[in-house]
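Trainee: There's a structure below that I have some questions on.
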Amino acid sequence: MPGLGLGLSLKRSRWVFGSSYDTDAAAFFSAASITNSTQKTAVNQLVLDLKSNSLWSKMLALYPFVGGTATTHKWNLKDPRDLDAAFRLTFSGGWTHTSTGALPNGTNGYANTFLSPLSNLSTNSESFGFYGGTSVAAGSAKQPIGCTDTSTYDIIAPREVGDSALCILQANSAAFTVSNASTLGFIFGTRNGAASSIASIRGTKTTNGVSSTSRHNYPFFVGARNQAGTAAQYSPIEHRFSFIGNGLTSGDCDSLYTLIQAYETTLGRNV
Amino acid sequence: MPLIYPITESQANQLKGQEFAPDSFFNPTQDGSGKWFISPEEWEPADKVQWPFLVGIVPVEYVEPVSIDPQ
């Protein structure tokens, strides 16, 4: 299994063919009309893995991007109701939806999650990220997920000019930069304390002591950042998985990377 | 640079928030030259009977807005 070289014990409850699906997975399949057996196996195992590693309860929004259309991609695995309050995505502008994921056009495509740091998260407890399926040059990647009131930021800019990733969680202009020369794979950040953040780039973690400031009430956008109510920094990176949740421990980061990589591998779209 | 379909501000106001395909909504935006536009991904499936002013638009090159800051 990928990732076990980290020396950690990822807990996995293996689903047995012929047994019924996890209840939460089944609810998602019903809402999103997912019928493909490979996709159902992958999503079901994802749910089982999140639960056995105590990550499911830390998540507020999980976007598996299966089914290949806007109608199937909009659903939140954690709460598959067709409501803003369930953090169901609303796609605006130019997107291309395929079996590999949801690809924004980088000029006007974004999706509203309706999940805001102030209304739905807690001070010093936040995590969010994406599994990128498009290789984009430095400076063109922009911000595939994030929000800001232009004073406090919750953003990831995965590949700025000079090949560095910018990761800011409930903080102001004090940026947390990490060397990064690729927009592919699972990239996420978490804040788990007043002066404690972690950036995870394809399984490699970097910690930082940037202090938090405050929370604002603009919801996260996917495909761009929500800049005080207007989409900006439109990104051309395909989303194969995206999430928003509460703060994660260092061990959580390792587990999450491994099980998401396994998820994408089952679907045949790992990078 | 990508291509975009230029429209007027009045047309942008008519399209904003309207559905052009299942679970997909117009997002008329201004590019870096101040031109209002929609993307090919919106223009192609859009109902040209419902939105007749979309017929015959010649796409032009997108001008990227200048970023004030990366964060």
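Trainee: Name the pairs: first residue in segment A:61-72 and within 11 Å of chain B (Cβ to nearest Cβ), second residue open to solvent by 20 Å² or more (accessible area, probe 1.4 Å) and in a loop (DSSP other than H, G, I, E, B), Cβ to Cβ under 6 Å, at least 6 apart or on different chains?
Mentor: Correct list of pairs: A:Ala70/B:Asp23; A:Thr71/B:Pro22; A:Thr71/B:Asp23.
Trainee: With respect to the numbered conditions (1) in a loop (DSSP other than H, G, I, E, B); (2) crowded, with 20+ Cβ neighbours inside 10 Å, which one is the sole condition not fulfilled by A:Phe186?
Mentor: So the condition that A:Phe186 fails would be (1).
Trainee: A follow-up question, please. Quick one: A:Phe17 ticks every box in (1) more than 30 Å from A:Ser125 (Cα to Cα); (2) of a type outside the set (Val, Ile, Thr); (3) modelled with pLDDT of 95 or more; (4) in a loop (DSSP other than H, G, I, E, B) except a single one, so which number is it?
Mentor: Unmet for A:Phe17, out of (1) more than 30 Å from A:Ser125 (Cα to Cα); (2) of a type outside the set (Val, Ile, Thr); (3) modelled with pLDDT of 95 or more; (4) in a loop (DSSP other than H, G, I, E, B): (3).
Trainee: What residue, among those in segment B:1-23 that are in contact (Cβ under 8 Å) with a residue 12 or more places away in the chain and of a type in the set (Ser, Thr, Tyr), is farthest from A:Thr90 (Cα to Cα)?
Mentor: Only one residue tops the list, namely B:Thr8.
Trainee: Inspect all residues belonging to segment A:62-79 and state whether any of them is open to solvent by 20 Å² or more (accessible area, probe 1.4 Å) and aliphatic (A, V, I, L, M).
Mentor: No: segment A:62-79 contains no residue that is open to solvent by 20 Å² or more (accessible area, probe 1.4 Å) and aliphatic (A, V, I, L, M).
Trainee: Can you name the residue in segment A:189-203 that is more than 21 Å from A:Glu238 (Cβ to Cβ) and touching a helix residue (DSSP H, G or I) at 6+ places or on another chain (Cβ under 9 Å) and is also surrounded by the fewest Cβ atoms within 10 Å (Cβ to Cβ) among such residues?
Mentor: A:Asn192
Trainee: Working only within segment B:26-53, note down all residues that are outside any loop (DSSP other than H, G, I, E, B) and surrounded by 19 or more Cβ atoms within 10 Å (Cβ to Cβ).
Mentor: Applying the first criterion (outside any loop (DSSP other than H, G, I, E, B)) to segment B:26-53 yields B:29-30, B:36-38, B:40-43, B:52-53.
Of everything in segment B:26-53, those that are outside any loop (DSSP other than H, G, I, E, B) and surrounded by 19 or more Cβ atoms within 10 Å (Cβ to Cβ) turn out to be B:Thr29, B:Trp36, B:Phe37, B:Ile38, B:Glu41, B:Glu42, B:Trp43.
Trainee: Just the residues that are crowded, with 24+ Cβ neighbours inside 10 Å and not aliphatic (A, V, I, L, M), please, taken from segment A:220-240. Explain how you work it out, then say what you get.
Mentor: So the first thing to find is which residues in segment A:220-240 are crowded, with 24+ Cβ neighbours inside 10 Å, and the list is A:220-226, A:233-235, A:237-240.
If the condition is that a residue be crowded, with 24+ Cβ neighbours inside 10 Å and not aliphatic (A, V, I, L, M), then A:Phe220, A:Phe221, A:Gly223, A:Arg225, A:Asn226, A:Gln233, A:Tyr234, A:Ser235, A:Glu238, A:His239, A:Arg240 are the ones that fit.
Trainee: Right, here's the next one. I'd like the full set of residues that are within 12 Å of chain B (Cβ to nearest Cβ) and without any contact (Cβ under 8 Å) to a residue 40 or more places away in the chain, limited to segment A:168-194.
Mentor: A:Ser173, A:Ala174, A:Ala175, A:Phe176, A:Thr177, listed by residue number.
Trainee: Can you name the residue in segment A:108-135 that is open to solvent by less than 10 Å² (accessible area, probe 1.4 Å) and within 14 Å of chain B (Cβ to nearest Cβ) and is also nearest to A:Leu169 (Cα to Cα) among such residues?
Mentor: Checking each candidate, the answer is A:Ala111.
Trainee: Looking at segment A:31-53, which of its residues are of a type in the set (S, T, N, Q), in a loop (DSSP other than H, G, I, E, B) and without any contact (Cβ under 8 Å) to a residue 40 or more places away in the chain? Steps first, answer last, please.
Mentor: Filtering segment A:31-53 down to residues of a type in the set (S, T, N, Q) leaves A:33, A:35-39, A:41, A:44-45, A:52-53.
Next cut, in a loop (DSSP other than H, G, I, E, B) only: A:33, A:35-36, A:53.
Across segment A:31-53, the qualifying residues are A:Ser33, A:Thr35, A:Asn36.
Trainee: If you scan segment A:137-159, which residues turn out to be open to solvent by 10 Å² or more (accessible area, probe 1.4 Å) and either more than 19 Å from A:Ile198 (Cβ to Cβ) or away from every other protein chain (no Cβ under 13 Å) (or both)?
Mentor: Going residue by residue through segment A:137-159, those that are open to solvent by 10 Å² or more (accessible area, probe 1.4 Å) are A:137-140, A:142, A:149-151, A:153, A:159.
Within segment A:137-159, A:Ala137, A:Ala138, A:Gly139, A:Ser140, A:Lys142, A:Asp149, A:Thr150, A:Ser151 meet the criteria.
The values are calculated or read from the model by the stated rules, or taken from the named source; none is laboratory data. Here the structure is a predicted model, which is why all the values come from computation and not from measurement. Cβ atoms come from the backbone with ideal geometry, glycine included; neighbour counts cover every protein chain shown. With ligands, DNA and RNA removed, areas are computed over all heavy atoms of the protein, side chains included. Shrake-Rupley method; radii C 1.70, N 1.55, O 1.52, S 1.80 Å.
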